[in-house]
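The structure appears right after this line, and notes come after that.
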């Protein structure tokens, strides 16, 4: 009797698995995907650059300043601040801007780069720290997640690392 | 007034230890877990080993506390010096993991002849003997491993007036973090499966490789970039 | 592997004309044929001519292989043809798409920053802890698919979960688009070298993926980076890898190539085993956990078994040991490829549905399993094959 009941349950389960397999491309995968998409997850700030702090308007384009991204847990990478210049198509050929990163009213860095005419061409830029809080970068492209001047789509992404000595305070 | 100030610092240290305990667990847990799994099974041996580990870790904390207080917190601010220390500690930790947790290279790497089925997957090499030096070495090295909450506590302790206050601060900070290690006493049930012990040894070797690589990277970076 | 002569040595029931009749085989294959048609007409309705040609070829390919499974009563040999094709053709299509899009296999950091990194299901175990405790995905991709960001995280995790529900560890035999590469290399040699080494140390070798899984999960959670992708994945060599921009990324690339050559090419040639899958892949260890809840398994009928250990020798991932054979079961890392069942001369190794008596109507269990597995293989692997074939036919990107 017990064997029979177990067998019935087993075959029922197997049949259900077939139904599940048949439903995967139609509904099931979509349900699971939506579940993950609505689970309140977000990509780590080290990759995305964090949340927006404020926007600085310039003529024809804007500079989006992000919040400081600090390394998590035992990650030893540098803390950094991300800047996004957009839209890249509206930028002048040569950009050189002094930018206040921490919102204290004083410029912290000067970002300089030449915009290549070919959007797919690699680019490099310079970041000159105007105080000891940030690290200067010279002729940098995509060195690391905390040090870069790169083009992504119609944006120029600049990441300025924070001086670690300053970060410890 | 002095007693009030002291108790306030102690409370602050305890809370700091409790709140940063998970970070300590993330930092030290991967070292402790595989090592504990290859120790003899049972609550008493585990308690003894864990006690030795935590005691050595406390010793490491106190050494650091004395150092930061005496140097007036200049040690954390001297980035170059800290990096050399980071690198050296990680290399030592790697060596200690390999020696005490994995049992290489002193023991022969052989598969134990099967006495019964349970022994087949037990170990790489001979059965481990409880070595107090393992607990002490690993405890001390993780104790002076300068993880972020440790540095926060160090900077805070450096601001205290007396050396005894700094040491006491770190004792309470240690107590707060140590609470997070108590569940390691109950690892005995995992040891009943010999395969888990073998996996633990392998994880220890991999972690040793990781710490070794990390330590070498830091030292190379310091050597090249100063 | 099972040869024609070994098939003919099978007991009478398996050799009866009615059992392996063409009519019966066609009838059993019909659902798969219809499913294949449904999948490809649905997916490639608005696709170009090359993709239509690729889809038609794949429909015939998958249907023919399933027919042969039914006709011969064997699983491993025909499944392996599909799996090896998938393993070798997936990189072809993938690399062709990369070259067409950006002219290089390397992924520049700007792509990672913009969330353009396609998500591979193998990352799933390593992102679980930070996702569970910090709601953070430690992968430089996009959570939701869009025109500029296909293969997003939600979609791929949804796909992985759905497949794992049905297949369990059989993901490694029917869905993984990498395992076929080493299975192909393992099929080439006639002789097994290093056989004694694998037999003697197989019990320890089998535990290495678990150690790597624990290690990668812990370190990934500690440093908030997908350590396996950044340092240990051999298949970066045939897909995409972080652009070499400094010493660290150069070392990473060196590790990828070394692991690929060693684990995926050389060792399978020497051992005729799936060495990367069985002795390294932490995702495989993770998938093994789902074998505990999956309904299908392979069992050893102790009444028929003569302990020749041919199954143990043949198993591509050492999922059988003397102890497990004595107990009548495979080990947790069994990927249900069917090699042991096909090679067993006494038909002691059988497909089994948990909850039913062992060796009672094993063919029914095999059929129930194969319908689900082959349907999913057609949907996922088949579409990859069609795309790669289209790329080969017309040198066009497959998506």
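Bear in mind these aren't lab numbers, they're just calculated from the coordinates by the rules spelled out. Since we're looking at a predicted model, the values are computed, not measured. FYI the Cβ positions are ideal-geometry reconstructions off the backbone, even for glycines, and counts take in every protein chain you see.
Brief remarks follow.
- Relative packing of peptides A:76-86, C:100-110 - highest average C-beta neighbours within 10 Å first: A:76-86, C:100-110
- Highest GNM mean-square fluctuation among A:104, A:126, A:89, for chain A modelled with Cα contacts below 10 Å: A:104.
- Computed over chain C, Kirkwood Rh from alpha-carbon pairs, angstrom: 22.0 Å
- Rg over Rh [alpha-carbon atoms, Kirkwood Rh] for the stretch C:26-137: 1.09
- Counting every other Cβ atom within 10 Å of each residue's Cβ, A:133, A:46, C:346 order from fewest to most as C:346, A:133, A:46.
- Cα centroid separation - the stretch C:313-392 against the stretch C:66-114, whole Å: 21 Å
- Inter-chain neighbour count for A:44-54: the average number of beta-carbon atoms from partner chains within 10 Å of each residue's beta-carbon is 4.
- Counting all C-alpha pairs of the stretch A:45-167, share separated by more than 19 Å (%): 42 percent
- Equivalent ellipsoid semi-axes - Cα gyration tensor, the stretch A:23-101, angstrom: 35, 20, 10
- Prolate is the label for the stretch C:284-395, because a/c, from the alpha-carbon gyration tensor with a ≥ b ≥ c as root eigenvalues, is 1.5 or above and a/b exceeds b/c.
- Where the Cα pairs of the stretch C:105-293 fall when distances are cut into 10 Å bins, in %: 9, 33, 39, 16, 3, 0
- Ratio of the Cα radius of gyration of the stretch C:161-261 to 2.2 N^0.38 Å, where N counts its residues: 1.28
- Ranked list, fewest to most other Cβ atoms within 10 Å of each Cβ, for B:36, A:123: A:123, B:36
- Taking other Cβ atoms within 10 Å as a rough exposure proxy, C:166, A:19 sort from fewest to most as A:19, C:166.
- Gap separating the Cα centres of the stretch C:240-311 and the stretch A:57-98, nearest whole Å: 42 Å
- Comparing A:33, A:144, A:136 in a Gaussian network model of chain A (Cα springs below 10 Å), the most mobile by mean-square fluctuation is A:33.
- The alpha carbons of the stretch C:295-360 stretch over 28, 23, 21 Å along the principal axes, in descending order.
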